[in-house]
Amino acid sequence: GASSSPFGNASQAQTQAQLSAGFQNQYQLSQAQALAHAQAQAQAQLAHAQFQAHLQAQGLSLNQAQNAGIGNLGTSSPSMSTPGSASAKRIVQRPPMRPPGVPVTNTMSPLRIMDLTAAARKKKQKLPEKQLQDRVAAILPESALYTQLLEFEARVDAALTRKKVDIQEALKNPPCVQKTLRIYVFNTFANQMQTIPKKPNAEPPTWTLKIIGRILEDGVDPDQPAFVQKTNPLYPKFSSFFKRVTISLDQRLYPENHIIIWEQARSPAPHEGFEVKRKGDKEFTVNIRLEMNYAPEKFKLSSALVEVLGIEVDTRPRIIAAIWHYVKARKLQNPNDPSCFNCDAQLMKVFGEEKVKFTMVSQKISQHLSSPPPIHLEHKIKLSGNNPAGSACYDVLVDVPLPIQRDLSALLANAEKSKEIEQCDEAICAAIRKIHEHRRRRAFFLGFSQSPVEFINALIESQSRDLKLASGEASRSSERERRSDFFNQPW
């Protein structure tokens, strides 16, 4: 009754324990007091053994009881926890010792594991919301099946992620197949003097030049006119195969803008073809210059390199690979230094050295690589006869990405739309949170039912520590400040 602490008995017991430590340092125990102390310890051990037997009767060991959360009941209770209980590190204190001669009733708490110092243990990694804690698994053996399902789901997700990454990598560098691009060049005309007699107020004579193309499929009659044949939507449009298209008209007839240039960099939108319309009634020859758009970029090899490799136009990685195969086939790799190779007479014309490092090949062949030559076409603008005039066509080999690329892109897009799975995950997480809440309540009341007095004492002790932490007075010790030597310390 003399204690001013709002927590009553718990604080009084702590004060008596601290006083007893001071008494024991100054006075020796008498024989009767020693005997009483021994009896107190024996009673505590007996109480502990009884509690353990009680737990075993319920099918729980002492460690399982601790894991089941009986020791964390104070801080895990939704209604009794305080703000400071989650983040504070506490030192596990020994059970309070009372002064000799004071009757001991179960001093050493059988629920000492319920020390409520959960903050140190809770510093473990936070579990995902979909997983059940070990404490729940100990109570519900059936939860092992749910854990197996979670592991299986993790394996399926990992496999899907790997496949998704593979598809994304394949889309970055799509595999291509060589196809024939047939280019049709023709012109149409209207209101020409040769075909229509002169009338008053007639529209001026005009002509239109058209350049279109399509990818040839196997088994398709190549003689069908391109402007009748519909293009395949799976293949890129005609303009995507060219980097720049230059059309040169007769400068004497069209002095102002006799050169028409289309560049993909300026108008990246793909087109099915190109069309040039002008007024005029005189026939002439149009020069057409097509610069191919290779992806990845291709280069024309010098005559010396063509003599070695036998290829005229290819990409840089394939050219370097061809040089490596040439060196390997003729066993030119230096046996003393595998990072180098010796040059034979043909390679000497290319590199000009007897020995070359493999790492320098890419740099040294740059002088032997140039942009591939553009395609030059000529077309005579005819203003009489059949309309459209001209039926010339030209075949060019181009790299076309495989049609499966669109399917892969659609597959990736569908894989991202998993709203149904997300809804199921949210429902599972809500159920798991409810299970954990019920487990905490069960553990709270189970701990109270086992030993109400010790449970309430431990709870009050925990709440008092939390109150100190919340008020910022955890570092102060009222017992130390009672002694005079505390005030004799240096500042």
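The values are calculated or read from the model by the stated rules, or taken from the named source; none is laboratory data. Source: prediction; values computed, not measured. Every residue, glycine as well, gets a Cβ built from its backbone with ideal geometry; the counts of neighbours run over all protein chains shown. We work out accessible area using only protein heavy atoms, side chains counted, and drop any ligands, DNA or RNA first. Shrake-Rupley method; radii C 1.70, N 1.55, O 1.52, S 1.80 Å.
Here V396 meets each of (1) open to solvent by 40 Å² or more (accessible area, probe 1.4 Å); (2) of a type outside the set (S, T, Y); (3) assigned by the TED database to the domain that holds K237 with one exception, condition (1).
For segment 460-481, name all the residues that are aliphatic (A, V, I, L, M), at pLDDT below 90 and out of contact with any Lys or Arg (no Cβ under 6 Å at 6 or more places or on another chain). Quick ask: steps written out before the conclusion?
Residues of segment 460-481 that are aliphatic (A, V, I, L, M), as a first pass: 460, 467, 469-470, 474.
Imposing the further condition that a residue be at pLDDT below 90 reduces the set to 467, 469-470, 474.
Residues satisfying the conditions are L467, L469, A470.
Given the condition open to solvent by 70 Å² or more (accessible area, probe 1.4 Å) and within 28 Å of V306 (Cβ to Cβ), answer yes or no: does some residue in segment 375-386 qualify? Checking segment 375-386: at least one residue is open to solvent by 70 Å² or more (accessible area, probe 1.4 Å) and within 28 Å of V306 (Cβ to Cβ). The residues listed here are A430, A458, A470, A443; of these, the one that is among the aliphatic types (A, V, I, L, M) and surrounded by fewer than 13 Cβ atoms within 10 Å (Cβ to Cβ) is A430. Would you confirm whether or not segment 308-330 contains a residue that is in contact with an Asp or Glu (Cβ under 8 Å, 6 or more places away or on another chain), open to solvent by less than 60 Å² (accessible area, probe 1.4 Å) and more than 29 Å from A295 (Cα to Cα)? No, there is no match, as no residue in segment 308-330 is in contact with an Asp or Glu (Cβ under 8 Å, 6 or more places away or on another chain), open to solvent by less than 60 Å² (accessible area, probe 1.4 Å) and more than 29 Å from A295 (Cα to Cα).
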